[in-house]
Every structure is written in C-alpha cells, then in structure tokens.
Amino acid sequence: MKKLNVAIIGQGRSGRDIHGGYFLRDDNKYYNVKYVVEASEQRRQIALERHPGCTVFADYTELYGIEDIDLVVNATYSEMHAPITKDLLLHGFNVLVEKPFARTHYECDELIKLAQDKGLVLAVFQQTFLAPFYLFAKELAASGKLGEIKQIKLRYNSFSRRWDWQTLQKKCAGNTYNTGPHPIGISLGLMDFDPNIRVAYSKLENVLSSGDADDSSKIILDAPGKPFADIEMVANDAYSPYNLKLQGTLGTFQCTTTEYQMTYLVPGENPEQPVQEEYIHDGSHNPVYCRESLIKHEEEGKFNGTAFDTGTASLYEQLYYKLTEGRPMTVTPYMAREVIRVIETVHAQNPLPVKF
C-alpha cells in the first residue's frame with residue numbers, strides 16, 4: 001500500500017497532537033508527513049524531531065509549486081480555515097480542514113463549489129460523526145428499541161475558565177464555534193439532517209472566561225416530525241453526568257463518550273392500564289396515586305475508543321480511499337456546512353459586544 005504525502009499547516013494543539021499524533025501511530029498505514037508549516041521556529045524544530053525526514057516552512061505559500069503533496073491538513077487558527085482552504089484549493093491541493101469549517105455557510109458553499117469545479121477532494125475534520133458513542137446512539141435510535149425518539153439532549157459542559165485565543169470573537173472562537181460542531185453535529189445527525197431543522201431557541205453568554213466570545217451556549221433545534229434537540233455547552237456546570245441522552249416512548253439512553261446505560265420497556269410486557277374516570281382507591285375507598293411495578297430492562301456498557309482515536313483513524317482511513325479510489329466518505333462537507341448554518345444563526349440571534 002502506497003502512503004500518501006501530507007503537508008500539515010499549523011503545529012498547535014490540533015495540528016501537533018491530534019493530526020500529528022495520528023500520523024505517528026502504528027495504525028497509520030496510509031500517510032507520510034513530508035511537510036510541516038509553522039510560524040514558530042521552535043515548533044518547526046520540534047516538528048523535525050517528531051517527523052524525521054520532513055521539510056519545514058514558515059508560511060503555507062511555500063508549499064505552492066510542490067508537486068508531490070497528496071493532501072494538505074489545514075490546522076490553523078479558526079478564522080484562517082476558510083481563506084487558507086480557498087487559497088489551497090485554488091492552487092490545486094486536496095484539503096482536510098479542521099472544524100469549524102468556516103464562519104458562515106456562504107463561505108462553506110463557496111469552498112464546496114470550488115473543490116467540485118476543480119475536481120479536488122475537500123474534507124472537514126468532524127471526526128465525532130465516527131466516534132463509537134455516536135454510531136452506537138444513531139443505530140439504537142433507528143432500531144426502535146427505545147420507541148419513537150422524542151428528545152435528544154447534549155451536554156458538553158465543564159466548570160472551567162479560558163483566557164487564550166479561543167475566547168475572542170475576532171478569532172472565530174468561543175464555545176459554539178469551537179466545541180459546538182460536536183454536539184450540534186450529533187443533534188443534526190440524529191435528526192437525519194432534515195432540511196426543515198430550525199433554531200427554535202438560543203442564548204449565548206460569557207460567564208467565566210476572559211475575552212469577548214461566548215463560553216455559555218444553550219440551543220434548541222426542532223423540525224416537523226423529528227425529536228427536538230436540547231444542546232448545552234457551558235463553562236459553569238460542575239455536575240454534568242452525561243454527554244448524550246435519548247428519550248423515547250419506550251425508554252431512556254444516556255452516555256458519556258466512554259460508557260452508557262439505558263432503561264427500556266418491551267412492548268407487550270406491560271399491558272395498558274384502562275382509564276378510570278373516578279378516583280383510584282386502596283380498597284377502603286381512600287384515594288391513592290397511580291402506582292405499578294413496570295417490567296423494565298436495563299443495560300450498560302463501554303465503548304471501544306473515542307472520537308480522538310477511533311474516530312480520527314476512521315476518518316483518515318476513509319479519506320485515503322476517497323483520494324485513491326474515489327470512495328464516498330461518511331462525513332461530507334455538506335454535513336459540516338449545516339453545522340455552520342446553525343452556529344451562524346445562533347450568533348445572529350445573540351450578538352455579543354466586540355471588545356477586542
């Protein structure tokens with residue numbers, strides 16, 4: 001199997017640890033890091049040590065004219081994702097861009113069309129769509145085991161402060177742009193990316209972090225005939241026991257990214273109780289509350305892997321075969337575009353004062 005040559009732009013937490021970390025793993029049978037672009041001289045030296053034999057550059061435009069690059073990974077600052085991806089596509093490179101895909105869905109549309117017109121591969125790194133916990137929940141929801149899903153709850157909460165560039169609106173940052181692609185994407189996926197999905201309610205605030213971007217986000221999505229999604233990403237929640245919850249007509253499922261539990265009813269095991277118009281009594285005509293012992297089933301388990309190991313490996317494997325054989329990928333640019341459409345709407349509904 002021939003490995004593809006990769007150029008990574010950016011050696012921050014994502015470019016160095018997530019993407020660079022994957023390329024160094026034993027299960028990476030597909031890619032060779034041949035070029036690394038990083039403005040910091042110190043980080044360039046670290047890249048040379050981590051990826052022996054690679055060539056380093058200070059500016060991504062130095063990649064122009066190099067013909068043996070099969071894929072460029074755009075792991076730059078968030079506000080650079082769209083313009084640098086556009087520039088790379090115009091210069092004939094296949095691109096994997098980090099999330100958020102762009103600031104607006106119009107920018108996403110422009111990039112998708114540009115890639116199509118030039119016959120290039122454009123992919124977005126939203127590996128949560130390939131995380132074991134999401135795939136399990138998606139299959140469970142479709143199985144009918146929980147009945148009809150009525151409500152989806154996502155909680156990507158913490159009790160912490162930030163003061164880095166991810167707290168600045170001018171950097172296309174804040175919880176909703178940075179963390180939001182994960183829970184918003186999951187919600188859209190569980191709602192089958194219905195074109196009628198709308199933002200029924202949203203609120204953005206800054207409660208703990210420095211900067212002027214949001215660190216507290218509440219979003220409710222709905223669509224006709226679909227469960228509604230209740231999404232939270234807040235920095236002041238010290239007690240958040242789950243990441244994802246599904247509530248159906250027959251039961252409830254909740255999970256973190258590593259383990260799950262569910263309680264459900266099996267149709268036919270609990271015959272329907274006849275409605276009584278008069279009060280219910282205990283035999284002595286003393287009124288009592290409705291009580292019964294339902295036959296319930298409980299399950300729990302653990303997931304094998306997370307978005308950052310299994311999900312990353314799956315996305316890169318799919319991308320390899322997209323590049324070499326044209327196979328379709330699970331995560332499409334359109335899916336990432338719909339995530340940005342929701343985020344853009346939420347920000348339009350909740351303009352925060354720009355201070356920096």
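The values are calculated or read from the model by the stated rules, or taken from the named source; none is laboratory data. A quick note: this is a predicted structure, and the numbers were derived from the prediction, not measured. Cβ coordinates were reconstructed from backbone atoms using ideal geometry, including for glycine residues, and neighbour counts include every protein chain displayed. Just so you know, the surface numbers come from the protein's heavy atoms only, side chains and all, with ligands and any DNA or RNA stripped out. Shrake-Rupley method; radii C 1.70, N 1.55, O 1.52, S 1.80 Å.
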- Query: Of Phe159, Phe133, which residue is modelled with pLDDT of 95 or more, of a type in the set (Phe, Trp, Tyr) and crowded, with 18+ Cβ neighbours inside 10 Å?
  - Reply: Phe133
- Item | Residues of region 168-187 satisfying the condition of being over 10 Å from the mean Cα position of the chain (by Cα) and part of a helix (DSSP H, G or I) | Gln169, Lys170, Lys171, Asn175, Thr176, Tyr177
- Filtering region 78-120 down to residues that are in a loop (DSSP other than H, G, I, E, B), more than 20 Å from the chain's Cα centre (by Cα) and under 26 Å from Arg13 (Cα atoms) yields Phe93, Asn94
- Evaluate the following for Gly21: is it touching a helix residue (DSSP H, G or I) at 6+ places or on another chain (Cβ under 9 Å), open to solvent by 10 Å² or more (accessible area, probe 1.4 Å), in a loop (DSSP other than H, G, I, E, B) and not basic (Lys, Arg)? no
- Give Asp192, Asp212, Asp230 a once-over and let me know the one that is touching a Leu at 6+ places or on another chain (Cβ under 8 Å), outside any strand (DSSP E or B) and either of a type outside the set (A, V, I, L, M) or over 24 Å from Pro333 (Cβ atoms) (or both). Asp212
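Here is a yes/no grid of residues against (1) touching a Ser or Thr at 6+ places or on another chain (Cβ under 7 Å); (2) surrounded by fewer than 20 Cβ atoms within 10 Å (Cβ to Cβ); (3) modelled with pLDDT of 95 or more; (4) not aliphatic (A, V, I, L, M):
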residue	(1), (2), (3), (4)
Met191	no, no, yes, no
Ala200	no, yes, yes, no
Ala229	yes, no, yes, no
Tyr239	no, yes, yes, yes
- Note on the structure: All-but-one check, Thr330 against (1) under 16 Å from the mean Cα position of the chain (by Cα); (2) surrounded by fewer than 16 Cβ atoms within 10 Å (Cβ to Cβ); (3) outside any loop (DSSP other than H, G, I, E, B), failing number (3)
- Message: Yes or no: region 273-290 includes at least one residue that is closer than 23 Å to Phe129 by Cα, among the hydroxyl-bearing types (Ser, Thr, Tyr) and open to solvent by less than 90 Å² (accessible area, probe 1.4 Å).
- Response: no
- Message: One residue is enough: does region 122-138 have a residue meeting the conditions more than 13 Å from the chain's Cα centre (by Cα), in a loop (DSSP other than H, G, I, E, B) and in contact (Cβ under 8 Å) with a residue 40 or more places away in the chain?
- Response: no
- Message: Suppose the filter is in a strand (DSSP E or B) and among the hydrophobic types (A, V, I, L, M, F, W, C); does Val199 pass it?
- Response: yes
- So which of Val72, Val56, Val33 ends up being open to solvent by less than 10 Å² (accessible area, probe 1.4 Å), touching a residue at least 12 places away in the same chain (Cβ under 8 Å) and touching a strand residue (DSSP E or B) at 6+ places or on another chain (Cβ under 8 Å)? Val72
- Note on the structure: Selection over region 136-156 where residues are closer than 18 Å to Gly180 by Cα and open to solvent by 10 Å² or more (accessible area, probe 1.4 Å) yields a count of 3
